[in-house]
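Inspection log for the structure reproduced underneath, given as structure tokens.
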Amino acid sequence: MKRTPGGSRLHIGLLGRRNVGKSSLLNALTRQTVSIVSADAGTTTDPVGKPMELLPLGPVLLVDTAGLDDEGALGALRVERSRRVLDRLDIGLVIAEAASWGRFEEELLDELRRRGITAVVVFNQCDRQRPARELVENLRERGLEVVETVAPRGEGLDALRAALVAVAPEELLATPTLLADLVGPDELAVLVVPIDKEAPKGRLILPQAQAIRDLLDHHALSLVLREDQLRAGLERLNRPPRLVVTDSQAFRQVASMVPEEIPMTGFSVLFARLKGDLPTQVAGAMTIDGLRPGDRVLIAEACSHHPIGEDIGRVKIPRWLQERVGGPLGFDTVQGRDFPADLGGYDLVVHCGACMWNRRAMLTRLVQCREQQVPVTNYGLAIAYALGLFERALQPFPEALAVYRRGRSDTPAEVRR
Ligand SMILES: Nc1nc2c(ncn2[C@@H]2O[C@H](COP(=O)(O)OP(=O)(O)OP(=O)(O)O)[C@@H](O)[C@H]2O)c(=O)[nH]1
Ligand code: SF4
Ligand SMILES: [Mg+2]
């Protein structure tokens with residue numbers, strides 16, 4: 001796992017009465033036995049912190065606590081220790097059984113509000129009893145996220161992740177840089193910008209402009225050139241650039257000119273990291289191998305533009321994917337907010353880099369895909385995969401590369417191409 005200082009992890013507390021399933025929920029979220037679970041009330045006696053990567057949010061610290069309704073002298077001590085956990089929480093999951101929701105939970109919600117901790121209500125044990133509709137509506141009217149789970153079966157966890165994305169503070173969702181961290185101060189990035197008929201007249205598109213600005217902000221150097229100038233541009237340098245970034249449409253051409261030892265990637269791969277969640281979208285791209293002629297692909301763009309000529313979403317990506325699959329696929333294209341609520345008919349979603357959006361909007365889409373078990377990737381990743389340049393495009397991102405290599409070693413050879 002990525003080393004992230006504790007301070008920049010989102011701290012999420014699992015709170016509630018004894019025996020509601022706090023520890024079961026922690027274990028389900030981490031897919032490990034972190035906390036002991038038992039039918040005896042008061043099993044967890046001390047707060048247990050578990051750092052983890054909670055996709056698609058990123059690094060979090062989950063803190064299991066003792067039941068806050070514990071009794072007796074020893075119980076009071078446990079409660080006190082668990083209460084201290086509140087001092088460092090960003091989000092408190094108020095976990096309850098539907099049948100026993102009452103004053104205790106309402107007071108806990110009040111306390112969280114007073115302390116400025118965002119609350120999410122989790123009704124666990126929903127296999128036994130689901131909460132009354134009026135109660136859920138009442139909580140939602142108060143602006144609370146409400147989810148229903150069955151922790152031992154892992155049910156409702158996607159909804160819980162979605163609720164966490166919805167309430168997570170903006171600054172925790174914002175990744176600080178687009179690419180400057182891959183380059184370093186006073187080091188050089190070469191940006192390859194094709195000027196073809198799809199390029200808007202007289203200006204750069206937003207991802208290119210943002211990349212240049214990010215490099216300037218972080219005192220890195222940039223050399224911006226067209227793909228037909230790349231060879232000459234590289235020859236003039238007295239030392240290799242730290243990174244070459246290309247428009248994904250020119251991947252093949254650029255990869256053939258950039259020596260293997262120079263890390264190379266695409267603008268939209270950078271955006272998968274910045275706005276979305278790179279590992280999820282890497283895993284999504286890898287499902288291209290499982291596509292068969294006749295399967296359906298949703299191409300989604302976050303903003304609307306008039307398609308011109310060999311439009312990337314409408315012409316190039318369909319062509320490259322079909323070449324890879326070896327037969328026709330069905331494509332639908334949506335723009336802006338016209339993303340279908342029901343993704344049931346799709347085998348893959350290929351999303352644009354969402355440069356116009358904040359990260360939360362993109363993460364919400366990723367969660368939506370995940371909930372409906374539809375793999376999702378983005379333009380650059382899909383193109384790199386379809387063209388057989390995936391490892392090359394992931395070279396600057398060791399974690400994503402590890403996801404890819406693990407996935408490959410888990411995939412039987414006959415499914416791979
Ligand atoms: N049927 C059902 N049982 C559950 C569910 N979640 C937890 N349990 C069971 O409820 C009991 C208590 O679960 P724990 O996870 O230990 O509950 P806890 O809130 O951590 O309890 P304390 O640590 O004692 O405060 C165990 O027997 C679990 O197997 C659920 O969703 N459905
Ligand atoms: S939001 Fe998407 S479609 Fe719009 S310019 Fe950015 S990457 Fe392209
Ligand atoms: Mg417990």
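The values are calculated or read from the model by the stated rules, or taken from the named source; none is laboratory data. Predicted model only: the values in this text are computed from it and were never measured. Note that we place each Cβ from the backbone using ideal geometry, even for glycine, and neighbour counts take in every protein chain shown. Surface areas here come from the heavy atoms of the whole protein model, side chains and all, with no ligands, DNA or RNA. Shrake-Rupley method; radii C 1.70, N 1.55, O 1.52, S 1.80 Å.
The table below gives the values:
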| quantity | calculated |
| --- | --- |
| Identity of the residue in segment 60-70, among the charged types (D, E, K, R) and modelled with pLDDT of 85 or more, that ends up farthest from ligand 1 (Cβ to nearest atom) | 69 |
| Leading residue by the ranking (surrounded by the most Cβ atoms within 10 Å (Cβ to Cβ)) among those in segment 43-55 that are within 16 Å of ligand 3 (Cβ to nearest atom) and among the charged types (D, E, K, R) | 50 |
| Residues that are modelled with pLDDT of 95 or more and open to solvent by 40 Å² or more (accessible area, probe 1.4 Å), drawn from segment 108-132 | 127, 128, 129, 130, 132 |
| Members of segment 17-42 found to be within 6 Å of ligand 1 (Cβ to nearest atom) and crowded, with 17+ Cβ neighbours inside 10 Å, listed by number | 18, 19, 20, 21, 22, 23, 24, 37, 42 |
| Qualifying residue in segment 30-37 (condition: at pLDDT 95 or above and either hydroxyl-bearing (Ser, Thr, Tyr) or touching a Leu at 6+ places or on another chain (Cβ under 6 Å) (or both)) | no |
| Which listed residue is over 22 Å from residue 114 (Cα atoms), crowded, with 17+ Cβ neighbours inside 10 Å and of a type outside the set (Lys, Arg), from 72, 58, 92, 67 | 58 |
| Out of 329, 291, 321, 237, sole residue that is more than 16 Å from ligand 2 (Cβ to nearest atom), over 30 Å from residue 409 (Cβ atoms) and modelled with pLDDT of 95 or more | 237 |
| Filter result for residue 165 (in a helix (DSSP H, G or I) and either within 16 Å of ligand 3 (Cβ to nearest atom) or in contact (Cβ under 8 Å) with a residue 60 or more places away in the chain (or both)) | yes |
| Residue check, residue 143 without any contact (Cβ under 8 Å) to a residue 12 or more places away in the chain and under 25 Å from residue 61 (Cβ atoms) | yes |
